[in-house]
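Since every read-out is calculated from the coordinates, none of them should be taken as a lab result. Everything quoted here is computed from the prediction, not taken from an experiment. No Cβ is skipped: glycine too gets one built from the backbone with ideal geometry, and neighbour counts run over all protein chains shown.
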Amino acid sequence: QIHRINMGMEAIQLQLHTKKISVSESIHFVALPPPYNSIPRGTWLRALRALTSREIGNISVAFNSRSIRSLVPSERPVWITPSDAAFRILQRLVTGVGVRTNNKSKNNTNRNNSRSRNTSGNTKQQLQYLDERDFNMVLHSYASLTQNQMHAAHRVMALQERTPHAPPLSPVAYSILLKAYGRWRDTKNVEMSVIHAQRNGVAPDIVMMNSLLDAYINCGLLDRARDLFRSMRPKGVKTRVDLSGSVAQTVKTEDLWSLLRPNTRTYNTLLKGMAEVGDIDGALDLAMEMKQTGLWDEITTNTLVKAAVTALEFEIAEDILTNHTVTVNGERGVGANSQNSRVRKSRDHPNVEAYTELLDGYAKSSQLEKAVGVMQLMQKRGVEPNEYTYTCMVGALARNNKTR
């Protein structure tokens, strides 16, 4: 993948700057005549998507290497990170330098105004097709790297803010920031991101809400997460947010959180926070609310079992699995009537994580027979153990000197 991308980058560089060897054998770069010295906009966009793809992102995270050839003309190749290469392409799309677009007039009005057209007018025409996704792809690319790359992520947002023909910042961009800062447990910048969104008049959506909720939980601020969850307004309350996502003048930005309605992910995110601290009572109350609203799914089951195991309430965990295990044919156990649950078409059973959690809990509590019983129960209910399940079982046997 990297090799193919670099071949494409070399081809783009060749078109932008043609090599010319002088008599003294030194290499010079000369530009081709228009329009051959520019690259079609669609080609730039395909390069941007390739550089910000998941495959390239995984390589960047793993190695943080300068593996992409820069488009800067030089006698020797200059290597930069995929994220930096994507940002430089984004800058070209913003400025129009080296970008070829269709300059045909769309109507007679454009023809009548042809007298006033000049180079800047043509540039303006080239710059009118920016898409928010182009900025967000590069932003996500930086936010997926190490924490010290976040200054570059803010450069992307600053570029979008300063560009008159760019779309305004949306909840998507702030969701990307909140996920990144939450992952690094950076409470200060989580709060600063929220303040920045409020100052820009960005109306939060449910995705941004869930990202902030998850960030609070990752930062160990469960009480803040609970307060945010409680701030959501009850059913039937109407909002005044227009289709573009901007804030209506009669609604204060800081009050917009209360206009959102929680979805399954919202509940499960808060449930995860309760599970991590073993708040089984709060988790059970929240899960009951999910059941009543039809939002219970297999993730709810897995997280609730984790909460019970963390609180050493193994019987409660077993009851949850008895009533809420997804069966092979996609139906659920007694007492679970959610229509949102589904059996994932994957190798692992949707609830294998919950059974493994219970097995490991018994093992760490020196209850080997109970742990073996969970393994047998999994076989009876058609829940295929995965690699981690077997690892936990081996650990349980080793703790009890059952190595043969």
Need the list of aspartates and glutamates near Lys402 for cross-linking: C-alpha distance under 15 angstrom, and skip anything on the same chain fewer than eight residues off. Glu369
Thr322-Lys380 pseudo-label distance in nm [points 7 Å out on the Cα-to-Cβ vector]: 1.0 nm
Amide H contacts of Val99 (H built 1.01 Å from N, under 5 Å, at least 5 apart or other chain): Ile39
With respect to the cross-link table entries Lys179/Lys272; Lys272/Lys370; Lys306/Lys370; Lys179/Lys364; Lys179/Lys306, which display a Cα-Cα separation exceeding 21 Å? Lys272/Lys370; Lys179/Lys364; Lys179/Lys306
Would you kindly work out the equivalent ellipsoid of region 167-237 from its C-alpha gyration tensor and give its semi-axes, the square roots of five times the eigenvalues, largest first in whole Å? 18, 17, 9
Contour minus Cα-Cα distance for Lys188 and Ala398 (0.36 nm per residue): 71.3 nm
Evaluate E = 1/(1 + (r/R0)^6) for Glu161 and Glu276, where r is the Cβ-Cβ distance and R0 equals 60 Å; express this FRET efficiency to the nearest 0.05. 0.95
Added length on full extension, which subtracts the Cα-Cα distance from 0.36 nm per residue, Tyr36 to Glu315: 93.2 nm
Full-extension gain in nm, Thr146 to Thr95, via 0.36 nm per residue minus C-alpha separation: 15.5 nm
Need one number: nm distance between label points at Arg261 and Gln1, each 7 Å from Cα along Cα→Cβ, rounded to one decimal. 3.8 nm
Give me the net charge for the shell around Glu55: Cβ to Cβ below 14 angstrom, other residues only, Lys and Arg +1, Asp and Glu -1. +3
Counting Lys and Arg as +1 and Asp and Glu as -1 over every other residue whose Cβ sits under 13 Å from the Cβ of Thr310, the net charge comes to -3
